[in-house]
1. For Val203 and Glu409 in one chain, what is 0.36 nm times their gap in residues minus the Cα-Cα distance, to one decimal in nm?
2. Could you order the peptides 36-45, 374-383 from most to least packed, using the average number of other C-beta atoms within 10 Å per residue?
3. Taking amide H positions as placed 1.01 Å from N in the peptide plane, with prolines and chain starts having none, which residues 5 or more places from Trp191, or on another chain, fall under 5 Å of its amide H?
4. Please work out the FRET efficiency for the pair Arg366 and Glu78, using the Cβ-Cβ distance as r and a Förster radius of 51 Å; give the result to the nearest 0.05.
5. Assuming 0.36 nm per residue, please report the length gained on full extension of the stretch Gln285 to Ser398 beyond their Cα-Cα distance.
6. What distance in nm separates the simple spin-label points at Ser450 and Arg340, each placed 7 Å from Cα in the Cβ direction?
7. Work out how much length Glu441 to Arg323 would gain on full extension: take 0.36 nm times their residue separation and subtract the Cα-Cα distance, in nm to one decimal.
8. Under 20 Å from the Cα of Lys393, which aspartates and glutamates turn up, not counting those fewer than eight places away in the same chain?
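The values are calculated or read from the model by the stated rules, or taken from the named source; none is laboratory data. Source: prediction; values computed, not measured. Cβ atoms come from the backbone with ideal geometry, glycine included; neighbour counts cover every protein chain shown. Accessible surface is based on the protein model in full, side chains and every heavy atom, while ligands, DNA and RNA are left aside. Shrake-Rupley method; radii C 1.70, N 1.55, O 1.52, S 1.80 Å.
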Amino acid sequence: MANVGNQLPTQAVSKPAPGKHGNVLPLWGNEKTMNLNPMILTNVLSSPYFKVQLYELKTYHEVVDEIYFKVTHVEPWEKGSRKTAGQTGMCGGVRGVGTGGIVSTAFCLLYKLFTLKLTRKQLMGLITHTDSPYIRALGFMYIRYTQPPTDLIEWYDGFLDDEEELDVKAGGGCVMTIGEMLRSFLTKLEWFSTLFPRIPVPVQKIIDQQIKARPRKVAQKETQEEEANFAESGRQGERRRSRTPRRTPSPRRSPKRSRSRSHHRERDRHGPSFDRELERERDRQRKEREGRDRDRDRGERGDRERRRSRSTERNQDRRERRRSRSSSRDRRSERRDKERDAGDDRSRRKDRDHHKERGTERERSRDKKSRGETDDRRHKDDRERHREERKAKRSSRSRSRERRHKSGEEKGRKRERSHSRERDRERDGEQRSHKRSRSKERSHHQRESSNDHSKHSDRRRSQSTE
């Protein structure tokens, strides 16, 4: 497991702000897209690696371990997954417009870090990690995408001379140090096939001035390599000197002194032995000159003989060439005749094949016509059947509708009859009740009248008795 506790000593980075929010990082730009290119962001959100595998990682330490095991470069696209050949203008690879590809695990994990909302302490743990340079690279890239431009130089200031190396290109072939990568982050907008967020012009001027004013440290590896190269060059020079004979240093002559005076002085110094040596040297030089002249004469004679032999050889070559040309011409004529005969045979075969193909095509056309006629007949029969079926369906539908209509009418009639019967019954009941009430009233009147008559008769009887 990649230890987060294994970290480099904290270097000069921006101090946390005092107060409760000292460990909270500010976010600059878009808080949803992390200022990423839209093409890269859509590919990250739609990649199965981000949706399935990274969805299960919930903590900062798990994401750091995933970076340690999976990230091998810092390019936004995987090798060979994005074809930008032949694209020009706004469809080029830098602008991020055009065809997409397979987004890299580095950028998927970078956006995963953004979703975790890192604190200042966690970001410091990323950029000072010792287990993998790619963990540090993603931390610095997170700073470049999310932090304000005015704070970038403060974040990167202590790491501009960092000598740790990493291969940033997909597939390998672009090794650079952390310091060189950070300098490119600060001075260039392009990063392979994408763009970083733009830095305002005044802030960019300040950053350029600080980088130019800062002397670049020479790495120890470079000095060691230079020393090794210097030592190797010295050894090679010594070997060359040992191979070449040493020459005695010639005495310097002053322009005022003549050769005769120097010669007399040397003769006085060395004596008669020096004169003997000079004479021997002169004799040796004369013999060498004579030998050279002889060699020249021999060489000239040999050249003449060679020229003569060459002329005879050339004449023989010319004759052979003429013979070969005549034989080649005869062969060419024979080949042409054979090719003509073969061409005639081929043309005849082609004509035969053509006639055969025409016959077969005619038979095929006839078969097609007969098949087409049979198909047309079948289609006509099918159409007639469909028409008859439609007519039968329509007639059955009309009959069913008529039946339904008749049944509805009968039901309506029955309902009207039942309603009329109920009305008649109601009327009969009302008439009967009315008759009953009248009979009751009549009986009541009769009773009252009989009672009155009896009372009147009683009165008359009482009067009569009185």
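1. Values: separation 206, 0.36 × 206 = 74.16 nm, distance 9.38 nm.
My answer for the length gained is 64.8 nm.
2. Details: 36-45: 19.0, 374-383: 10.1.
The most tightly packed comes first, giving 36-45, 374-383.
3. Answer set, sorted by chain and number: Phe196.
4. Between Arg366 and Glu78 the formula returns 0.30.
5. Working: separation 113, 0.36 × 113 = 40.68 nm, distance 13.92 nm.
Extending this stretch completely gives an extra 26.8 nm.
6. Rounded to a tenth, the inter-label distance reads 16.0 nm.
7. Extending this stretch completely gives an extra 26.0 nm.
8. Asp381, Asp382, Glu384, Glu402
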